[in-house]
């Protein structure tokens, strides 16, 4: 319960999930003390009957706000933005808002789905484990090249200026995962590399990092 007697927001999350990472950043920026509900994807907990009642497609994240359950990171973030206006996640300027949507969609539609656990497991099964890393790095590179071009005339301290907005919520986890999980060389992408360094200094992003989550492995 919160101090005024309302139920805390609940976030079903997995520490390594970049989609969950995005939502954790949004919740932190908006100042929520939420309840973390871990779902271990490697153990298949997303496929249990209990979790499928929360999200029938069996993916994290899922957010519970009172009697409402919202799945899909984009839907969750847009819901939070509409209902809880503190720390706006979209700029007022229409052109800048459009750039934020484009950058977020490059990550959410053209990079992340091609590196998620189901896809990588399928590639390992049908082709072999040695095929996974080249596949991931190819699609990260294609997306990052597009993002470098998209943001080159819009970036400031962050993706579209000196304030954190929607694009940053999607970029920070994607770049972090590319470096830490997929050993991706950021040298050809200096703008994104600079953004990564800036993101790692932001408390709301630091607190949302995989290693700072309660379900992060202790060993």
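Brief remarks follow.
- Verdict on residue 90 being in contact (Cβ under 8 Å) with a residue 60 or more places away in the chain and surrounded by fewer than 22 Cβ atoms within 10 Å (Cβ to Cβ): yes
- Reported count of residues in region 88-117, each being part of a loop (DSSP other than H, G, I, E, B) and modelled with pLDDT of 95 or more, is 6.
- Residue 171 vs. criteria within 16 Å of the chain's Cα centre (by Cα) and either part of a loop (DSSP other than H, G, I, E, B) or not assigned by TED's automatic domain parsing to the domain that holds residue 38 (or both): yes
- So residue 50, is it without any contact (Cβ under 8 Å) to a residue 24 or more places away in the chain and touching a helix residue (DSSP H, G or I) at 6+ places or on another chain (Cβ under 8 Å): no
- Candidates 36, 79 - the one that is touching a residue at least 60 places away in the same chain (Cβ under 8 Å), farther than 30 Å from residue 137 by Cα and either touching a strand residue (DSSP E or B) at 6+ places or on another chain (Cβ under 6 Å) or outside the structural domain of residue 151 (by TED's automatic domain parsing) (or both): 36
- Any hit, region 183-202, residues being surrounded by 13 or more Cβ atoms within 10 Å (Cβ to Cβ), touching a residue at least 60 places away in the same chain (Cβ under 8 Å) and either assigned by TED's automatic domain parsing to the domain that holds residue 115 or farther than 25 Å from residue 34 by Cα (or both): no
- So residue 215, is it touching a strand residue (DSSP E or B) at 6+ places or on another chain (Cβ under 6 Å), farther than 16 Å from residue 25 by Cα and surrounded by 12 or more Cβ atoms within 10 Å (Cβ to Cβ): yes
- Every residue from region 126-145 that is closer than 16 Å to residue 172 by Cα and in contact with a helix residue (DSSP H, G or I) (Cβ under 7 Å, 6 or more places away or on another chain): 140, 143, 144
The values are calculated or read from the model by the stated rules, or taken from the named source; none is laboratory data. These figures come from a predicted structure and were not determined experimentally. Counting neighbours? That spans all protein chains shown, and the Cβs are built from the backbone with ideal geometry, glycine included.
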